[in-house]
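Working notes for the structure below.
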């Protein structure tokens with residue numbers, strides 16, 4: 001399988017698995033173009049659930065937390081003001097770690113969005 005230079009996009013013109021390769025290409029584009037990559041601290045993937053709680057941050061900075069929740073900085077500062085733009089997709093409700101109140105998850109097993117209320121309590125928000 002060849003790629004389209006200079007990026008990591010796969011050539012789908014003669015692909016037998018067109019749908020899978022196209023999905024792979026969307027992932028590559030998200031990482032290369034939109035910079036939708038996991039957030040790192042000191043070269044290691046973050047272990048933080050939720051937005052960063054320290055460091056100087058800039059407007060529109062992107063952050064992906066340890067569970068895959070995505071955040072954008074809406075007000076620059078230290079640590080800035082953050083808005084969750086995508087819930088973390090999980091198979092079970094998180095029951096450990098420091099989870100911010102209001103944190104959203106998509107419980108794919110239960111099939112709905114849940115919001116963290118406190119402790120390790122989750123609620124299904126009303127539509």
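Bear in mind these aren't lab numbers, they're just calculated from the coordinates by the rules spelled out. Keep in mind that this is a model prediction, so the values were computed, not measured. No Cβ is skipped: glycine too gets one built from the backbone with ideal geometry, and neighbour counts run over all protein chains shown.
Key figures for this structure:
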| quantity | calculated |
| --- | --- |
| Peptide ranges 62-68, 94-100 listed from the most packed, as the mean C-beta count within 10 angstrom indicates | 62-68, 94-100 |
| Estimated distance in nm for a label pair at residue 123 and residue 60, the labels positioned 7 Å out from Cα along Cα-to-Cβ | 3.5 |
| Stretch gain in nm, segment residue 89-residue 101, where the contour uses 0.36 nm per residue and the Cα spacing is subtracted | 2.6 nm |
